[in-house]
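Throughout, read-outs are computed from the coordinates displayed, never taken from laboratory work. Keep in mind it's a predicted model, so treat the numbers as computed, not measured. With ideal geometry, Cβ positions are generated from the backbone for all residues, glycine too; neighbour counts draw on all protein chains shown.
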Amino acid sequence: MNNNLSLIGYRMPAEWELQESVWIAWPYNKSDWPGLFKNIPKVVAQIISELSKSQKINLLINNYKDKKKIINLLNKFPNKLQNIIFRKISTNRIWLRDSGPIYIINQKTKKKLIVNFKFNAWSKYKDYKKDNNINNKLSKLTKVKKIDPVFKINNKSKQLVLEGGAIDVNGKGSVLLTKECLLSKVQERNPGITKKSLEKTLNKYLNVKNFIWLNKGIKGDDTHGHIDDISRFVSEDAIMTAIEKNRNEKNYKNLKENLNILKNTKNINKRKFKIIKVPMPKPIYIEKVRVPASYLNFYIANKIVLLPIFKDKNDKKVILIFKKFFKNKKIVPIDCTKLIWGFGAIHCMTQPEPKI
C-alpha cells in the first residue's frame, strides 16, 4: 500500500478521453456461462479484434501456452495482431471494469496512478482472490504506482470496496452512481459506510465533487444496481440514460425515477445536462433467469464505440441514436445475446488506460 503519494492535481478521466490501451481478460470461467461457454471466446475475440484495429490491447491470460489457440480465434476476425500484448496475470472472471485498474492522471506532471479499490466479487461469489490481486501484479508489471483508497469507520481505516461499473465520470468533477449499489444494506460492500464518508473518499481519490445519485439499477443485474447498465456520460455535458416505455415492465418505475432525477441535475458550472433517452431491449431470459440486457453497457474507444445489441426490434433505433451523437466515431454493434448470460456485456469487460 502506497498511501503517501500526493493526489493534488490528479483526476479520473472520462472514457472518451484519449486512451493508451484497453485492458481485457480472456474468458476461462465456464461456470459464468453454464451451457453457453463455447460461444464466449468467439465473442470476446470479436471485441478484441475490433479494438485492436485502432488501439493497443493488454490481454490478460492465465498461461502463455494458451496464446496460440487465442491467436487462431482472433484471426477469424479482421484485426491488428501487433496491437495485442499478452500479459500473464491470472483472473477468476473477465469483468475487468470491476476488478481491473482505475487510473487517475495528472496532466501537469504527465503521471498516472492506479487507484486500487478492493474487489470482493460484488459481495456474491467466493472465488475472487485472483481478481483482487490483478492490480498488484499489473502495477509491478507496468511500473505504474498504485494507491489503496481507505475510509474511516469507528476510527479504523478500511480499504474501500468499489467496482468500476458502479461509477461513471465526465472527467470534469461529476460522477454518476446509485444508492442501491453503494448505500443500501443489501449490497454489503462497505458495511456501515455513510453517504458523506463515501463521497469524501471518492472526492479524495478520484477528484469528483458533483455526486449524481440515482436510485436503482435494472432487473437481472446481480451487482445490485451498477450505473453502467442505466446511465452514462457521453460528453462533459451530456448523459445517455435507459428508459422503459412499457408501464407493465418491472424496470418502468425505477428508470422513470432515474430520468426525473437526471432532468433536474446540473454540472459543476450549474448548467443542466443534455439527456439522451435510450430505449431498453425487451426482457431477456436464459434458462428462465432474467439477464441484465441493456444498450448502456457500451464502450467508448479512441475511434469506435462498441455497442451491445440483442436481436431486438430496438437494436436499429439505438444504433441510429448512437450514430447521431458520436459523429466522429464508428459505431460497431456486437451481438451480446450469449455474453449477457454472464451478467455483463462490453463495458463490464473493458478497462481503459488513459494516455497522458
Quick one: if you stick a label point 7 Å off each Cα along the C-beta vector at residue 77 and residue 153, how many nm between them? 3.9 nm
So for the chain, averaging the separation of alpha carbon pairs under 8 Å that are six or more residues apart and normalising by length, what relative contact order in percent results? 20 percent
State to the nearest 20 debye the size of the charge dipole of region 19-354 about its Cα centre, where the only charges are +1 on K and R beta carbons and -1 on D and E beta carbons. 680 debye
Need the full-extension length gain, residue 143 to residue 303, defined as separation in residues times 0.36 nm minus the C-alpha distance. One decimal, nm. 54.9 nm
Take the residue pairs 124/156; 111/324; 53/245; 179/282; 88/158; 140/323 and return only those whose Cα atoms are more than 32 Å apart. 111/324; 53/245; 140/323
Sequence order, region 274-281: Karplus ³J(HN,Hα) from phi using 6.51 cos²θ - 1.76 cosθ + 1.60, θ = phi - 60°, Hz rounded, Gly and Pro as x, gives 6, 9, 10, 7, 10, x, 8, x
Select from region 113-189 those trypsin sites (Lys or Arg not before Pro) which occupy a DSSP coil region and have at most 15 other Cβ atoms within 10 Å, ordered by residue number. 124, 126, 143, 145
What's the Cα-based Rg to Rh of region 111-183, Rh via Kirkwood? 0.98
Theoretical gain in end-to-end length, residue 253 to residue 311 [0.36 nm per residue, Cα-Cα removed]: 18.4 nm
Expected max-MSF residue from 32, 229, 127 in the GNM of the chain (alpha carbon, under 10 Å) is 127
Top mean-square fluctuation among 31, 235, 184, Gaussian network model of the chain, C-alpha springs under 10 Å? 31
With +1 assigned to the C-beta of every Lys and Arg and -1 to the C-beta of every Asp and Glu, and no other charges, what is the dipole magnitude of region 117-208 about the Cα centre in debye, to the nearest 20? 400 debye
Normalising by the residue count of region 109-166, find the relative contact order in percent from Cα pairs under 8 Å and 6+ residues apart. 43 percent
Sum of side-chain charges, residue 46 neighbourhood, beta-carbon under 12 Å (Lys, Arg +1; Asp, Glu -1): +2
Stokes-Einstein D (µm²/s) once Rh is taken as the Kirkwood radius of the chain over alpha-carbon pairs, at 10 °C in 1.306 mPa s: 78 µm²/s
Mind jotting down a quarter of the surface of the convex hull over the alpha carbons of region 243-356, in square nanometres, one decimal? 8.8 nm²
Can you give the Rg/Rh ratio of region 194-264, where Rg is from the C-alpha atoms and Rh is the Kirkwood radius? 1.00
Chymotrypsin sites (Phe, Trp or Tyr not before Pro) restricted to region 102-155 and DSSP loop, no more than 16 other C-beta within 10 Å: 125
Positive minus negative residues near residue 316 (Lys, Arg vs Asp, Glu; Cβ under 15 Å): +3
Find which of 107, 82, 8 sits farthest along the positive direction of the dipole of region 1-111, computed with +1 on the beta-carbon of Lys and Arg, -1 on that of Asp and Glu, about the Cα centre. 82
Pair residue 330, residue 67: separation of 7 Å Cα→Cβ label points (nm): 2.8 nm
Cα convex hull of region 11-147 - mean projected area over all directions, nm²: 9.0 nm²
Whole-Hz ³J(HN,Hα) for each residue in region 337-342, computed from phi via Karplus 6.51 cos²θ - 1.76 cosθ + 1.60 with θ = phi - 60°, x for glycine and proline: what do you get? 5, 8, 4, 5, 5, x
Using the crude model of +1 on Lys and Arg Cβ and -1 on Asp and Glu Cβ, and no other charge, please compute the dipole size for region 249-297 relative to its Cα centre, in debye to 20. 380 debye
What is the extension gain from residue 38 to residue 107, computed as 0.36 nm multiplied by their sequence separation minus the C-alpha to C-alpha distance, in nm to one decimal? 20.5 nm
Starting from the Kirkwood Rh over alpha-carbon pairs, what translational D in µm² s⁻¹ does region 163-237 have by Stokes-Einstein at 20 °C and 1.002 mPa s? 171 µm²/s
Residue among 63, 41, 52 farthest towards the positive dipole end of region 33-72, charges placed on Cβ: 63
Extending each Cα 7 Å along its Cβ direction at residue 17 and residue 243, get the distance between those two points in nm, one decimal. 3.1 nm
